[in-house]
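Trainee: Dropping the structure in here first, questions after.
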Amino acid sequence: MKRHHIFLAGATLLAAALPAIGAERYPGMKHFVDSLMSEMTLQEKIGQLNLCGAGDIYTGPIAESDVASRLRKGEVGGILNLKDLNAVTNLQKIAVEDSRLGIPLLVGLDVIHGYVTVFPIPLGISCSWDMAAIEESARIAAQEASADGINWTFSPMVDISRDARWGRMSEGSGEDVLLGSRIAQAMVKGYQGTPAYASPENIMACVKHVALYGAPEAGRDYNTVDMSRLRMFNEYLPPYKAAIDAGVGSAMSSFNVVDGIPATGNRWLLTDLLRDQWGFDGFVVSDASSVAEMVVHGMGNRQDVSDLALNAGLDMDLGSECYMQNLANSVEQKRISPEQIDLACRRILEAKYKLGLFADPYKYCDTSRPAKQIYTRAHRDAARSLAAKSMVLLKNEGNILPLKKSGKIALIGPILTDTRAIQGTWSFPGQPERYTSILDAFRNAVGNKAEILYARGCAFADGGNDWQVKNYVYDKEPGFRLQSGTEADTEEALRVAREADVVVAFLGEHEMESGESSSRTDLSMSAAQRQLLEKLLATGKPVVLVYFMGRPTVLDWESRNVPAILNAWFPGSEAGDALADVIFGDVNPSGKLTASFPRSVGQIPIHYDELPTGRRIADGNNFAKFTSSYIDGPSTPLYPFGYGLSYTDFSYSPMKLSSETMAPGDSITVTVGVTNTGARPGDEIVQLYIRDIVGSVSRPVKQLKDFARISLKAGETKDVTFTITPEQLKFYNSSLNYVAEPGDFEVMVGPNSAKVETRAFRLNAE
């Protein structure tokens, strides 16, 4: 009798024997996994460590595919990049019913910012500063993905980044440690549910990329990372730990080196830190082919790097097949022990147990769910709302915005009819054929109240069509540039602009110009778009620039010449309606930047929480000899962290401290009154920063320690109160001890990192 007939074929019987998913712990799990592993061969255990792609199942019968054949042999622990419920169900059936032990599959996919309902890119979402909405976006993504058979997502990406040249900045939450940590926790909770995996609508999250992936030298993807332990612990590691503290089920190693050793084979990182110090009890999967890529890093041959990765604590090999090809030989040669393979196998089996796959292998294979739970009106409404909250109003000279729904409005730009480009990077589960274009959304918004004029105007940033854009992104010849739009495109745009009362130019990056493997040395607007914008401004008509981007871009010229600028990021599937909501004033913009915008690429990396320098330049000065400054421009960002305008105005009353001293076990409250002094209701994001004046190591000039998002009616005042505790004053010292040192501090409150009121307080010694 096959083993799976004992514990899988009778799912109802097994379910009665297993503890309820979502219990505080899993008291039956150890016994269950022990029993299963006692039946497994070495090769079957190694098979659980193998995560492979969908392979040839799209081009031939599933039952006859290579993946199916390997499932029957017990050579696959999980599969990725399969977006087809029927195919998932059939493969799960093969794994459960046709293999010797019937172990169910993990089914993974990059569900990064939504599934079919696509939310704004993660960097855009972070600008909402709305943890409840962010958690809800992950919950909706999990519900939709799970309805299609997915039980594991490679998200959230929590890499801190201060270098906009790095294309994958679009996938993270910007430059700040506190905000990034809170978003990490919200995303994990949204994906996995509370308690974790209690419902078939919950999926397992995977925190990535462990670690430091957001700080590659020169902003070049996959490049070397080198930083001190002190900086790691204070500035880059906290969001990973936050995800682990939130109970994330898995983690993904990064491509880069950490202390000279690739993360995929770094035992200090994956075992000493992740497990021993932080208490992570999930499993670690490699990034795509990163085990094999350690050969290129100079860590040995394929067998060497397989051993290195397993010994380091890397449980699952994604895509390289190194484990499958080498680990059995390594055991035979006593290069690794059977116990090490057992440990990795156990972690993966435990993840499947916690997901409930042993109790019900077809938990995520309900054919009734897709029609009821994918791209629903409620999901679309949530995406539309969060998209509007994510947009950041950068400039609004003369209150051009919001526009009135009257007269003639010219909409110009190549993205207006492209429902694929509005999604942003890592959105391949999307179905752009179902989305409303920006052009159609604006026409629907104004109805017969206004006339919408349209012209393409130019090409995307550097290409005239999708084929060209793809070739630009993947081209192997440095410096290759694509052709711009035609003169006829420009002339048509100028014709409709002259006819209109106001011009809205929708320009910026193409979605493929940011994301993985999309590092850039030039972050300014393309020449073709700049030329078009200059000509539109020359018509004398009021011009609004709606800019699409996957990272902070260089908008120095635009900020000086264009009267109104709205940063749209990539808003997702509901981009059209969300943009219409904001531009016509049905929604008051409230987004605030989570990454500083440089004036030029030469300022990068740039972030607000820099360390002080003994040669600091005075505020307001561009250059002074023998100071830390540039001879050809300011040192300050164009738009600072936390910046964002509204259609209304807010004023802050002087802050009040409950005390100017704090004992180690006490706290101080900080209260500030915020008044909406304008004529429209609006949301404000109140930000609290702290500076440690004297420390055993140099401390940042300010650090975000708390924030509050509040809604105010016109003329309304609300008191916002923050509580400061000694815990918030802690940092890692030179011995990597997490301490709060007594002494003098400054607390700052304001609407952004550059505009704050400052008060002093003191933390007393024991």
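The values are calculated or read from the model by the stated rules, or taken from the named source; none is laboratory data. Please read all numbers here as calculations on a predicted model, not as lab measurements. Here the Cβ positions follow ideal geometry from the backbone for every residue, glycine too, while neighbour counts run over all protein chains shown.
Trainee: Just the residues that are at positive phi and exposed (fewer than 15 other Cβ atoms within 10 Å of the Cβ), please, taken from region 709-764.
Mentor: Gly715, Leu736
Trainee: I'd like the residue in region 68-85 that is over 14 Å from Asn151 (Cα atoms) and in contact (Cβ under 8 Å) with a residue 24 or more places away in the chain and, out of all such residues, is surrounded by the fewest Cβ atoms within 10 Å (Cβ to Cβ).
Mentor: Lys73
Trainee: Whether any residue in region 505-525 is of a type in the set (Phe, Trp, Tyr), at negative phi, crowded, with 21+ Cβ neighbours inside 10 Å and modelled with pLDDT under 90 is what I want to check.
Mentor: Checked region 505-525: no residue is of a type in the set (Phe, Trp, Tyr), at negative phi, crowded, with 21+ Cβ neighbours inside 10 Å and modelled with pLDDT under 90.
Trainee: Take the residues of region 734-755 that are farther than 17 Å from Val697 by Cα and assigned to a loop (DSSP other than H, G, I, E, B): which is farthest from the chain's Cα centre (by Cα)? Please lay out each step first, then the result.
Mentor: Initial filter on region 734-755 (farther than 17 Å from Val697 by Cα): 747-755.
Subsequent filtering for residues that are assigned to a loop (DSSP other than H, G, I, E, B) retains 753-754.
Working: Ser753: 22, Ala754: 25 Å.
Ranking the qualifying residues of region 734-755, first place goes to Ala754.
Trainee: Does Ala383 meet the test of being surrounded by 23 or more Cβ atoms within 10 Å (Cβ to Cβ), of a type outside the set (Val, Ile, Thr) and within 30 Å of Arg560 (Cβ to Cβ)?
Mentor: On the way: surrounded by 23 or more Cβ atoms within 10 Å (Cβ to Cβ): yes; of a type outside the set (Val, Ile, Thr): yes; within 30 Å of Arg560 (Cβ to Cβ): no.
Taking the combined requirement at face value, the residue does not satisfy it.
Trainee: Still on this structure: What is the residue count in region 198-218 for residues that are at positive phi and buried (at least 24 other Cβ atoms within 10 Å of the Cβ)?
Mentor: Initial filter on region 198-218 (at positive phi): 212, 218.
Those still in the list that are buried (at least 24 other Cβ atoms within 10 Å of the Cβ) too: 212.
Within region 198-218, residues that are at positive phi and buried (at least 24 other Cβ atoms within 10 Å of the Cβ) number 1.
Trainee: Touching a helix residue (DSSP H, G or I) at 6+ places or on another chain (Cβ under 8 Å) and part of a loop (DSSP other than H, G, I, E, B): does that describe Gly540?
Mentor: Numbers: touching a helix residue (DSSP H, G or I) at 6+ places or on another chain (Cβ under 8 Å): no; part of a loop (DSSP other than H, G, I, E, B): yes.
In short, no.
Trainee: Given the residues Ala95, Ala147, Ala142, which is the only one that is surrounded by 23 or more Cβ atoms within 10 Å (Cβ to Cβ), within 16 Å of Gly53 (Cβ to Cβ) and touching a helix residue (DSSP H, G or I) at 6+ places or on another chain (Cβ under 6 Å)? Can you show your working first?
Mentor: Details: Ala147 fails: within 16 Å of Gly53 (Cβ to Cβ); Ala142 fails: within 16 Å of Gly53 (Cβ to Cβ).
Exactly one residue qualifies, and that residue is Ala95.
Trainee: Mind checking which residues of region 628-652 are surrounded by 14 or more Cβ atoms within 10 Å (Cβ to Cβ) and either of a type in the set (Gly, Ala, Ser) or not in a loop (DSSP other than H, G, I, E, B) (or both)?
Mentor: Ser629, Tyr630, Gly633, Ser635, Tyr639, Gly642, Gly644, Leu645, Ser646, Phe650, Tyr652
Trainee: Hey, can you tell me all the residues within region 226-254 that are buried (at least 22 other Cβ atoms within 10 Å of the Cβ), farther than 12 Å from Leu269 by Cα and in contact with a Ser or Thr (Cβ under 9 Å, 6 or more places away or on another chain)?
Mentor: Within region 226-254, Pro239, Ala242, Ala243 meet the criteria.
Trainee: OK, next. Go over the candidates Leu308, Leu314 one by one and state the one that is surrounded by 20 or more Cβ atoms within 10 Å (Cβ to Cβ) and within 25 Å of Val33 (Cα to Cα). If you could, list the steps in order and put the result at the bottom.
Mentor: Working: Leu308 fails: within 25 Å of Val33 (Cα to Cα).
Answer to the selection: Leu314.
Trainee: Then there is this: Can you tell me how many residues within region 92-133 are over 20 Å from Cys206 (Cβ atoms) and of a type in the set (S, T, N, Q)?
Mentor: Of the residues in that region, 3 qualify.
Trainee: For region 436-488, how many residues meet the condition of being modelled with pLDDT of 90 or more, at negative phi, surrounded by 15 or more Cβ atoms within 10 Å (Cβ to Cβ) and not hydroxyl-bearing (Ser, Thr, Tyr)?
Mentor: Of the residues in that region, 14 qualify.
Trainee: Just to be sure before I move on: is Ser659 in the same structural domain as Ser698 (by TED's automatic domain parsing) and part of a loop (DSSP other than H, G, I, E, B) in the structure I sent?
Mentor: On the way: in the same structural domain as Ser698 (by TED's automatic domain parsing): yes; part of a loop (DSSP other than H, G, I, E, B): yes.
Taking the combined requirement at face value, the residue satisfies it.
Trainee: Collect the residues in region 117-139 that are buried (at least 24 other Cβ atoms within 10 Å of the Cβ) and within 29 Å of Thr89 (Cβ to Cβ), keeping them in residue-number order. Steps first, please.
Mentor: Here is the first cut: in region 117-139, the residues buried (at least 24 other Cβ atoms within 10 Å of the Cβ) are 117-129, 134, 137-138.
Within region 117-139, Thr117, Val118, Phe119, Ser137, Ala138 qualify.
Trainee: Here's something else I'd like to know. Given the conditions (1) surrounded by 15 or more Cβ atoms within 10 Å (Cβ to Cβ); (2) more than 32 Å from the chain's Cα centre (by Cα), report the number of the one that Gly665 does not fulfil.
Mentor: With (1) surrounded by 15 or more Cβ atoms within 10 Å (Cβ to Cβ); (2) more than 32 Å from the chain's Cα centre (by Cα) applied to Gly665, the lone miss is (1).
Trainee: So, in region 339-371, of the ones that are among the hydroxyl-bearing types (Ser, Thr, Tyr) and either surrounded by 20 or more Cβ atoms within 10 Å (Cβ to Cβ) or at pLDDT below 95 (or both), which residue ends up farthest from Thr153 (Cα to Cα)? Talk me through it step by step, then tell me what you get.
Mentor: Here is the first cut: in region 339-371, the residues among the hydroxyl-bearing types (Ser, Thr, Tyr) are 353, 362, 364, 367-368.
Restricting the remaining residues to those that are either surrounded by 20 or more Cβ atoms within 10 Å (Cβ to Cβ) or at pLDDT below 95 (or both) gives 353, 364.
On the way: Tyr353: 17, Tyr364: 14 Å.
Of everything passing the filter in region 339-371, Tyr353 is farthest from Thr153 (Cα to Cα).
Trainee: Tell me whether region 263-282 contains one or more residues that are over 25 Å from the mean Cα position of the chain (by Cα), farther than 24 Å from Asn151 by Cβ, modelled with pLDDT of 95 or more and surrounded by 24 or more Cβ atoms within 10 Å (Cβ to Cβ).
Mentor: Within region 263-282, not a single residue is over 25 Å from the mean Cα position of the chain (by Cα), farther than 24 Å from Asn151 by Cβ, modelled with pLDDT of 95 or more and surrounded by 24 or more Cβ atoms within 10 Å (Cβ to Cβ).
Trainee: Just to be sure, is Gly174 of a type outside the set (D, E, K, R), in a loop (DSSP other than H, G, I, E, B), over 18 Å from the mean Cα position of the chain (by Cα) and farther than 18 Å from Glu201 by Cα? Walk me through how you get there before you give the answer.
Mentor: Working: of a type outside the set (D, E, K, R): yes; in a loop (DSSP other than H, G, I, E, B): yes; over 18 Å from the mean Cα position of the chain (by Cα): no; farther than 18 Å from Glu201 by Cα: yes.
Taking the combined requirement at face value, the residue does not satisfy it.
Trainee: Still on this structure, I have one more. So, of the residues in region 319-338 that are of a type outside the set (Asp, Glu) and part of a loop (DSSP other than H, G, I, E, B), which turns out to be surrounded by the most Cβ atoms within 10 Å (Cβ to Cβ)?
Mentor: Only one residue tops the list, namely Ser320.
Trainee: To continue, here is another question. Only residues that are of a type outside the set (D, E, K, R), buried (at least 16 other Cβ atoms within 10 Å of the Cβ) and within 17 Å of Gln325 (Cα to Cα): list them for region 296-305, please. Spell out the reasoning first.
Mentor: Taking region 296-305 first, the residues of a type outside the set (D, E, K, R) are 296-301, 303, 305.
Among the residues that remain, those that are also buried (at least 16 other Cβ atoms within 10 Å of the Cβ) are: 297, 299, 303, 305.
Gln303, Val305 - these are the residues of region 296-305 that are of a type outside the set (D, E, K, R), buried (at least 16 other Cβ atoms within 10 Å of the Cβ) and within 17 Å of Gln325 (Cα to Cα).
Trainee: Moving to a separate point now. Only one of (1) surrounded by 24 or more Cβ atoms within 10 Å (Cβ to Cβ); (2) in contact with a Pro (Cβ under 8 Å, 6 or more places away or on another chain); (3) not charged (D, E, K, R) fails for Ser181. Which number is that?
Mentor: Exception for Ser181: condition (1).
Trainee: Test of understanding: among Lys408, Lys389, Lys363, Lys354, which residue is in a strand (DSSP E or B) and in contact with a helix residue (DSSP H, G or I) (Cβ under 8 Å, 6 or more places away or on another chain)?
Mentor: Working: Lys389 fails: in a strand (DSSP E or B); Lys363 fails: in a strand (DSSP E or B); Lys354 fails: in a strand (DSSP E or B).
So the residue among Lys408, Lys389, Lys363, Lys354 that is in a strand (DSSP E or B) and in contact with a helix residue (DSSP H, G or I) (Cβ under 8 Å, 6 or more places away or on another chain) is Lys408.
Trainee: Can you tell me which residue among Ile103, Ile125 is of a type in the set (A, V, I, L, M), under 30 Å from Pro589 (Cα atoms) and out of contact with any strand residue (DSSP E or B) (no Cβ under 8 Å at 6 or more places or on another chain)? Give the derivation first.
Mentor: Working: Ile103 fails: under 30 Å from Pro589 (Cα atoms).
Just one listed residue meets the conditions, Ile125.
Trainee: Which numbered condition trips up Glu684, out of (1) farther than 27 Å from Met131 by Cα; (2) surrounded by 14 or more Cβ atoms within 10 Å (Cβ to Cβ); (3) out of contact with any Asp or Glu (no Cβ under 8 Å at 6 or more places or on another chain)?
Mentor: (1)
Trainee: In a helix (DSSP H, G or I), touching an Asp or Glu at 6+ places or on another chain (Cβ under 7 Å), free of Cβ contacts under 8 Å to residues at least 60 places away in the same chain and not basic (Lys, Arg): which single residue out of Ala141, Ala132, Ala186 fits that description?
Mentor: So the residue among Ala141, Ala132, Ala186 that is in a helix (DSSP H, G or I), touching an Asp or Glu at 6+ places or on another chain (Cβ under 7 Å), free of Cβ contacts under 8 Å to residues at least 60 places away in the same chain and not basic (Lys, Arg) is Ala186.
Trainee: Continuing with the same structure: So Pro637 passes all but one of these: (1) over 30 Å from Arg616 (Cβ atoms); (2) touching a Ser or Thr at 6+ places or on another chain (Cβ under 6 Å). Which condition number does it fail?
Mentor: (1)
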